[in-house]
Amino acid sequence: MKHFRPYSLDQRLLLAPDLREWLPKEHLASFVSDVVEEMDLSVLLKRMVRQDGRGGDRYHPAMLLKLLIYGYCTGRTSSRRIETATYDDVAFRVLSGDQHPDHDTIADFRRQYLTELAALFVQVLVLCQKAGLVKLGHVSLDGTKIKANASKHKAMSYGRMGEAEKKLQEQVNALLAEAEQKDSDEDARYGKGKRIDELPEELRTRQGRLSKIRAAKAALEQEAKDKAKQQAEEAKSKNAERQGKPGKKHTVPDVDAAKPEDNAQKNFTDPESRIMLDGASKAFVQGYNSQIVVDSAHQVIVALNVVQQSNDKQQLVPMLEAVRATIGANPEKLSADAGYFSDAAIGAAEASGVKLYVPPDRHKHGAELPASTGAQTRADVMREKLRTDDGRDIYKMRKAIVEPVFGQIKEARGFRRFSLRGLQNVRGEWALVCLAHNLLKLFKYGGEQQLCGA
């Protein structure tokens, strides 16, 4: 006859008075807590202290920060899920010190102090450097499409906006005429002076939609003028350089006449997001183009950004500048796919002394690279460079350096959609995502010893 261990829900359990003893010393939550304690939070603390002395005591920013970072590390980025976890999950309960901030408090903390939270990315990166996880020998640049906190079905093209604006205006005019007729009838029946507290629901709804459409149209028209202005300045600059030389001059666009294309779209939920083709799923998403530069030594992210452009053509130089801003030095080598190649970008990046491995042509992974045309343009020089044994060996590592990082972020931690809206906000949230990724690398590769020795 088998014997079972005693089991009773009436069993009394005396827990350790120190909550940190509820978890193993090597637990990720303990590591997150230690890292946050090492951070300089003076800027955040200064912003959170009320100068007028009014209001009740606030939750400590270190505690809220620990909850957020651990949430991003474990794939729980929703403020509601984090609130629930402070009751249900031992690790969250330990980090909160058995306090239970509600989801509004957590969400407000993330939104109001996003700039200060995003700046902490650099502090974690410095810890990774001290731990020897960043070498800057070979870095790889790539981007991925992350969905916006908005549905692509809430977007409308410029052409449809004009049609919808006209139709809604007609409906609003008809409803206003109907309301005016009703008022006249009621005045005749009951006498003048009847109070009208608000517009009819139907009229308010249509006027609200009309207002949103007009605002979206105005934004698209301004974007078209800004783009035309930039193109005009570039054309004038190129024409000035070619002054006195043979050849056709560049056409200078008329800024005042610039109009959006009929298929140019604007989303009503998050107007700063864009319709983009997701290369992985081959489907169009409403989202942002999230960029990272990853160091080959331990897949630590050394630079990041979020842009609205669907393609990566203009991102090579800004991302190299971002590496210098966060690390203070250039990498020795940088690899990126063909989407980053442009003659101007390659020239500017090589001028900084970085060895580039960026093919001018798209080709299947493992396929033979195209041969030079013999013209000795930057594209031809790059083709020849990538056909050498050294160039081929370096470039083939690109996918093994940067693409697994996107897999870890999207698959392992389930981050596929931003919680916040607006370009600056999603940039801040992307910094939190990348901070959590680097902290996990630090945790995996002996960061605890580095912290203890610091």
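How much length is gained on full extension from Ala215 to Trp22, taking 0.36 nm per residue of separation minus their Cα-Cα distance?
Details: separation 193, 0.36 × 193 = 69.48 nm, distance 5.40 nm.
Taking 0.36 nm per residue and subtracting the Cα distance, the gain is 64.1 nm.
Suppose R0 equals 51 Å; then what is the FRET efficiency for Gln243 and Gln424 from their Cβ-Cβ distance, rounded to the nearest 0.05?
So, using R0 = 51 Å, E works out to roughly 0.80.
Could you pull out the pairs from Lys135/Lys313; Lys236/Lys355; Lys355/Lys399; Lys25/Lys396; Lys259/Lys399 whose alpha carbons sit more than 29 Å apart here?
Those over the limit are Lys236/Lys355; Lys25/Lys396; Lys259/Lys399.
Could you work out the equivalent-ellipsoid semi-axes for region 19-112, taking the square root of 5 times each eigenvalue of the Cα gyration tensor, largest first, in whole Å?
22, 15, 12
Taking amide H positions as placed 1.01 Å from N in the peptide plane, with prolines and chain starts having none, which residues 5 or more places from Val306, or on another chain, fall under 5 Å of its amide H?
Gln291
Between Asp256 and Ala235, what's the calculated FRET efficiency when r is the beta-carbon distance and R0 is 25 Å? Round to 0.05.
0.95
FYI, it's all coordinate maths here, none of it is from the lab. From a predicted model like this one, the values you see are computed outputs, not experimental measurements. Note that each Cβ is placed from the backbone with ideal geometry, even for glycine, and that neighbours are counted across all protein chains shown.
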